[in-house]
Amino acid sequence: MTERPLTQNIRADGASTFLADYEANGGYSGLRKAVSSMTPESCLDEVKNSRLRGRGGAGFPTGMKWSFVPMGEKAGPGHKYLIANADEMEPGTFKDRLILEQDPHQLLEGMMLAAFTIQADIAYVFLRGEYVLAAERLMQAIAECYEAGYLGDNILGSGYSLHLHLHRSAGRYICGEETALINALEGKRANPRPKPPFPQVAGLWGRPSIVNNVETLCNITHIITHGADWFQTLGRGEDSGTKLFGASGNVKNPGVWELPMGTPVREILEDHAGGMRDGYQLRGFLPGGGSTDFLVEQHLDLAMDYDVIGKAGSRMGTGTMIVLDDRNCPLGMVRNLSRFFAHESCGFCTPCRDGIPWVVQLLDRFEQGQATEDDIALLEEKAAFIGGIGNTHCALAPGAMEPVNSALKYFREDFERHITAGGCTYNGAAGRH
Amino acid sequence: MSDVIATLSPEEISEIEHEIALIPRRDGAAIDALLIVQKHRGWVSDESLRAIARLLEMSAEELDGIATFYNLIFRKPVGEQVILLCDSVSCWLRGCEQVKARLSERLGIGYGETTADGRYTLLPVPCLGACDRAPVMMVGDELHTHLDETDLSVLSPEGAAS
Ligand SMILES: Cc1cc2nc3c(=O)[nH]c(=O)nc-3n(C[C@H](O)[C@H](O)[C@H](O)COP(=O)(O)O)c2cc1C
Ligand code: SF4
Ligand code: FES
């Protein structure tokens, strides 16, 4: 049994694994096992016992999430839905693309198993519009599944039926938030919905729905195929399983690697990403995409486990790290991120719609040398308010403020220097100088 | 009433009806319908918007509210190919601003503009999920990685305004 289940079919040439090769490597044995010898309850138990936590950013335990879906008569008449969140628009996140392009069947099998567990009869892949190659390959893989009898009515003679469709998004980061995603699937503007009701009970078209990240669903394939006990042995620390970790920025060898949960940051950045490019030094890093707090050198020996990173004041997020070097300005980096969040705010609530552009303006003042000491305090105050849990309708705004708050903490002297030096003293994106 | 709808081609109408058949409400196909028409015509004109709204039995105002919400639905004409240049963090760390400057100079256009010959429209796009190959952009359906502002040969010479 492989120790790198998620990437076992990833080939060096970037080609996709289609049905024949996928099956030859054990593919769809999990689905065969589930529909022939398991029940939805025993599948749910397996997922719960695996201690899998969602890989979409929040790390919520997957088995617990599924357990809220009403089963049998309790679900009432009508469809239930399983949705794969393949929106991947968080800046600095590039992990789901790998699977979508190079091993689409792994996701489809995971979706089938998740759908079987909650007894959903309709499934969607919600794919960001710019993933053109992924769309082509997914469409081919879906067609192969209908042909082979893995999708459609009465799958493998089991009596279970599932129809699966690809939805290509028209683009907005907020579509990745699960209730906004559901609105987008219903053809509406993607504003997040109030919770409760939670999607598990009343989601797409008011029916029970589960939204899971691509990587989360891929893990289901292996948990059902090889069992929860095996899955637990894959992690090095507190959390179970492996994770697609990545690094981008001015490191020698940017990329994405499947490694055990609990792999120390240093190992990822030094052994896999190859350390910093010549002439660059590490200033800090966002451990899990653009909406996570900066960590710095003193955190390099932390294990990439949800709670370990959480205790250090940041979040595992998507596990794809963005590395800040000494030749790029921390304020510039935070300003770039804040502009993204300001642009992508859905506009529903005031602290987010008006507050993030305000933060951008304040950061502009620093960049242009117009900021005073009072602006540091003002920025701190605004960022704390906008980022305060419960002050906004969804997690976009708190996420947006994580890099700002942590930059104020770790790169304070840079804020001061923008005031004393009358502007930015870095000469722009250093990658080019 | 049907005249409005008739500004859509039979092919567009049948593709939209196919989407509607999969869901409980006609207006639920709004985004798919906009994307279908855009696929055929490059963008969504006021005339197309009214026709789609009629077909989906919803108001044109509501449909426009949806169309303008999404980054990839174009309510203005665009060039033969849309260039989506990533301006997010990892590309920024690797010099996307320099690439933008060079690209603008070469094509003679800024963000939101189309070249005089109608070949290219330049737009910024949030992180394209290829941060390990930064800086990156899409030209039409193709992803171009490891951009270097000194070499933009991915754009054919005829496309360059300069
Ligand atoms: C603004 C915003 C954007 C998000 N974007 C994504 C995304 O692109 N992909 C994703 O899987 N989850 C995204 N999420 C998290 C989802 O809301 C949801 O938690 C996740 O899809 C659940 O899957 P999981 O339990 O498997 O992690 C986003 C959340 C927010 C607030
Ligand atoms: S926090 Fe921002 S993105 Fe979320 S609902 Fe409010 S305005 Fe919309
Ligand atoms: S930041 Fe440009 S591709 Fe991710």
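The values are calculated or read from the model by the stated rules, or taken from the named source; none is laboratory data. Because the structure is predicted, anything quoted here is derived from the model rather than measured. Virtual Cβ from ideal backbone geometry, glycine too; neighbours counted across all protein chains shown. These accessible areas exclude ligands, DNA and RNA; they are computed on the full protein's heavy atoms, side chains included. Shrake-Rupley method; radii C 1.70, N 1.55, O 1.52, S 1.80 Å.
Descriptive notes on the structure:
- Qualifying residue in the stretch A:77-96 (condition: out of contact with any helix residue (DSSP H, G or I) (no Cβ under 8 Å at 6 or more places or on another chain) and within 16 Å of ligand 3 (Cβ to nearest atom)): no
- Filtered residues of the stretch A:250-275 (kept if away from chain B (no Cβ under 13 Å) and in a loop (DSSP other than H, G, I, E, B)): A:MET261, A:GLY262, A:THR263, A:GLY275
- Exactly one residue out of B:LEU63, B:LEU85 is at pLDDT 95 or above, aliphatic (A, V, I, L, M), outside any strand (DSSP E or B) and surrounded by 22 or more Cβ atoms within 10 Å (Cβ to Cβ), and it is B:LEU63.
- Only a single item in (1) within 16 Å of ligand 2 (Cβ to nearest atom); (2) away from chain B (no Cβ under 11 Å); (3) over 25 Å from A:PRO40 (Cβ atoms) is not met by A:GLY237, and it is number (1).
- Search result, residues across the stretch A:178-199 that are charged (D, E, K, R), in contact (Cβ under 8 Å) with a residue 40 or more places away in the chain and more than 10 Å from ligand 1 (Cβ to nearest atom): A:ARG189
- Per the conditions (1) open to solvent by less than 30 Å² (accessible area, probe 1.4 Å); (2) closer than 30 Å to B:ALA134 by Cα; (3) within 11 Å of chain A (Cβ to nearest Cβ), the sole criterion not satisfied by B:LEU103 is (3).
- Options A:GLY390, A:GLY399, A:GLY423: the member that is open to solvent by less than 50 Å² (accessible area, probe 1.4 Å) and assigned to a loop (DSSP other than H, G, I, E, B): A:GLY423
- Filtering the stretch A:160-199 to residues that are among the acidic types (Asp, Glu) and within 12 Å of another protein chain (Cβ to nearest Cβ) leaves only A:GLU186.
- Pairs linking a residue in the stretch B:14-32 that is at the interface with another protein chain (Cβ under 8 Å from one of its Cβ atoms) to a residue that is surrounded by fewer than 14 Cβ atoms within 10 Å (Cβ to Cβ) and assigned to a helix (DSSP H, G or I), with Cβ atoms under 6 Å and 6 or more positions apart or on different chains, do not occur.
- Boolean, A:LEU44 is away from ligand 3 (no atom under 16 Å from the Cβ), away from chain B (no Cβ under 14 Å) and open to solvent by less than 30 Å² (accessible area, probe 1.4 Å): no
- For the stretch A:234-258, residues that are out of contact with any helix residue (DSSP H, G or I) (no Cβ under 6 Å at 6 or more places or on another chain) and without any contact (Cβ under 8 Å) to a residue 24 or more places away in the chain total 1.
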